[in-house]
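So the structure is just underneath, and the comments pick up after that.
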Amino acid sequence: MSDIIYASAKSMAQAIQDKEVSAVELVDAHLNRIEEVNPTINAVVQLAADRARAEAEEADAALARGEGKGALHGVPFTLKDSIDTEGVVTTGGTLGRKNYVPDADATVAARLRAAGGILLGKSNTPELTLAAETDNLVYGRTNNPFNVERTTGGSSGGAGAIVTCGGAAFDIGSDTGGSVRYPAHFCGIAGLKPNSGRVPRTGHIVSHSMGAVDSLTQNGPMARYVEDLALILPIISGPDWSDPFIIPMPLGNPADVDISSLRVCFYTDNGIGTPTDETIAAVRSAVAALADTDCSIVEDVPSIIAENPEISNKLSGGDGRIWTQRQLDKWGTTEVFPYLERRIAKASEEFEVEVGDFTAMLEHVDSFRSTMLGFMQDYDVIVCPVAAFPAQPHGESLEDRNQPGMSYTATYNITGWPSTVIRGGTSPEGLPIGVQVVARPWREDVSLAVAQYLEGVTGGWQKPPI
């Protein structure tokens, strides 16, 4: 029983169907694991243990009657604390929501539960999800399971930590600049940022009503295995008749992708932040593994990527981060986490522009997207780092001097393209190193297929020492 918590969600669901394990046993095993590791890592900030056990009993009874709820029947999961969960406190890491209990599930939460998934509790996130380290004034800091003195990244850091520890089969993170992919990289799991317009944001604290920055944020699955990303994505995808930006675009099957026919581009240095030798080696090892399939491989980097930091800063801070302040005001938050407070102050001092300059910047964003799209005309996949370094000591990722090293993900929030992260190596300190697999617009199937192939070569997720 102790080993099943490290199985894939797909395997867990099959084991329940085959009656090799009950949903109650599976829920209890995960709750026990949370109890074991959470005092050390502080990843799960709210538990719904009694409800989870009751739902597990219902799942077992339904199965005994020959009734199945869906592909996740009886599978335990956690959800990032920025995603509304009916009846379970959802703070979004901000003090104004310290006791906020939603009366309805977010779209992704409702869809996972309708497919038979069982919510165990909520995973930690920085305030309003707006930081690359998971720490807040409500619950405090989340620690990396591979070294508690290191960060889990953000903003889905609680998700990354508890999934890698076997405390949840999967989680759903959100990604505005790398917030699914950083924790996947730092914690050694798999994570997918879907294409912009694929998964509804309804019920997420950074919702679908964010104006100029709306298209940056996507909800996406995080799991130990790529096969679970492929399992979960169809469940949470598609219009919900609330998020006005979701498109009913067909979703391809990764199993149908012929990797040998792909045109692969890779780069190890984006010209903004030079990676560690081990990070470069992880990317090159992934590319070498792809070369074994006889696919086409070219080393190339879009020169326009160098403009990414300026574009990202002006896009999110060009209004002086008044949009962030509106979120804080909406929830009645008056005491703000120091890092977010600094970001608001910095935006008003350094990035705030006049309305005409802001609209010109939006035109620049469209030009950036067009140039990137032209670059991608020659390729099906881009393989590159997730960040220039593995998990840093706590606080380091919040320092301005380290931001260039974290510039590898935001480019693909601006373009909106799908991107999958898998563990591709290990640092000298024993920390995970991820590799990022970016695909053309709407081709999550290609990104997932390549990531799953690489996972089979590299070994993917590894059990942490705790």
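The values are calculated or read from the model by the stated rules, or taken from the named source; none is laboratory data. Keep in mind that this is a model prediction, so the values were computed, not measured. When we count neighbours, we look across all protein chains shown, and the Cβ atoms used for this are built from the backbone with ideal geometry, even at glycine. Accessible surface areas use protein heavy atoms only, side chains included; no ligands, DNA or RNA. Shrake-Rupley method; radii C 1.70, N 1.55, O 1.52, S 1.80 Å.
What to note about this one:
- Looking across the range 304-334, just one residue is modelled with pLDDT of 95 or more, more than 13 Å from L128 (Cα to Cα) and of a type in the set (S, T, N, Q), and that is T334.
- Once the range 389-405 is narrowed to residues that are under 18 Å from E310 (Cβ atoms) and at pLDDT 95 or above, the residue that is most open to solvent (accessible area, probe 1.4 Å) is P404.
Each row is one residue, and each column tells you yes or no for (1) within 21 Å of I4 (Cα to Cα); (2) of a type in the set (F, W, Y); (3) part of a strand (DSSP E or B); (4) touching a Pro at 6+ places or on another chain (Cβ under 6 Å).
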site: E67; (1), (2), (3), (4): no, no, no, no
site: A71; (1), (2), (3), (4): yes, no, no, no
site: G92; (1), (2), (3), (4): no, no, no, no
site: P102; (1), (2), (3), (4): no, no, no, no
site: G116; (1), (2), (3), (4): yes, no, no, no
site: G121; (1), (2), (3), (4): yes, no, yes, no
site: T134; (1), (2), (3), (4): no, no, no, yes
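- Being farther than 25 Å from N147 by Cβ, open to solvent by less than 10 Å² (accessible area, probe 1.4 Å), in contact (Cβ under 8 Å) with a residue 24 or more places away in the chain and in a helix (DSSP H, G or I) is true of I16.
- Hits in the range 269-312 - residues which are farther than 26 Å from S370 by Cα, in contact with a helix residue (DSSP H, G or I) (Cβ under 6 Å, 6 or more places away or on another chain) and surrounded by fewer than 15 Cβ atoms within 10 Å (Cβ to Cβ): D294
- Residues of the range 385-403 satisfying the condition of being within 18 Å of G271 (Cβ to Cβ) and under 17 Å from the mean Cα position of the chain (by Cα): P385, V386, A387
- If you go through the range 323-342 and keep only what is open to solvent by less than 70 Å² (accessible area, probe 1.4 Å) and either more than 20 Å from Y139 (Cα to Cα) or of a type in the set (D, E) (or both), you end up with W323, T324, Q325.
- Breaking point among (1) within 24 Å of F146 (Cα to Cα); (2) modelled with pLDDT of 95 or more, for A56: (1)
- Residue identified as open to solvent by 10 Å² or more (accessible area, probe 1.4 Å), farther than 27 Å from N219 by Cα and under 25 Å from the mean Cα position of the chain (by Cα) among N42, N32: N32
- Matching residues in the range 428-444 - criterion: being open to solvent by less than 10 Å² (accessible area, probe 1.4 Å) and either more than 21 Å from F375 (Cα to Cα) or not small (G, A, S) (or both): L431, P432, I433, G434, V435, Q436, V437, V438, E444
- Matching residues, the range 63-75, being out of contact with any His (no Cβ under 8 Å at 6 or more places or on another chain) and either surrounded by 15 or more Cβ atoms within 10 Å (Cβ to Cβ) or closer than 14 Å to R113 by Cβ (or both): G68, K69, G70, A71, L72, H73, G74, V75
- Test result for V148, surrounded by fewer than 24 Cβ atoms within 10 Å (Cβ to Cβ), of a type in the set (A, V, I, L, M) and closer than 20 Å to I34 by Cα: yes
- The set of residues in the range 144-171 being in a helix (DSSP H, G or I) and among the hydroxyl-bearing types (S, T, Y) consists of T164 alone.
- Identity of the residue in the range 86-118, buried (at least 24 other Cβ atoms within 10 Å of the Cβ) and aliphatic (A, V, I, L, M), that ends up farthest from G70 (Cα to Cα): A106
- Among the candidates G430, G425, residue that is in contact with a helix residue (DSSP H, G or I) (Cβ under 9 Å, 6 or more places away or on another chain), touching a residue at least 60 places away in the same chain (Cβ under 8 Å) and either over 16 Å from G160 (Cβ atoms) or not in a helix (DSSP H, G or I) (or both): G425
- Hits in the range 336-367 - residues which are in a helix (DSSP H, G or I) and of a type in the set (D, E, K, R): E341, R342, R343, K346, E349, E350, D357, E363, D366
- Residues of the range 368-388 satisfying the condition of being open to solvent by 10 Å² or more (accessible area, probe 1.4 Å) and in a helix (DSSP H, G or I): R369, S370, T371, L373, G374, F375
- Looking only at the range 172-198, residues that are of a type in the set (K, R), over 8 Å from the mean Cα position of the chain (by Cα) and assigned to a strand (DSSP E or B) come to 0 in all.
- Unmet criterion (only one of (1) under 25 Å from S370 (Cβ atoms); (2) surrounded by 15 or more Cβ atoms within 10 Å (Cβ to Cβ)) for G320: (1)
- Residue match in the range 151-164 (condition: at pLDDT 95 or above, out of contact with any Leu (no Cβ under 8 Å at 6 or more places or on another chain), more than 30 Å from G70 (Cα to Cα) and not small (G, A, S)): yes
- From the options S215, S237, S209, residue that is out of contact with any helix residue (DSSP H, G or I) (no Cβ under 7 Å at 6 or more places or on another chain), of a type in the set (S, T, Y) and at pLDDT 95 or above: S237
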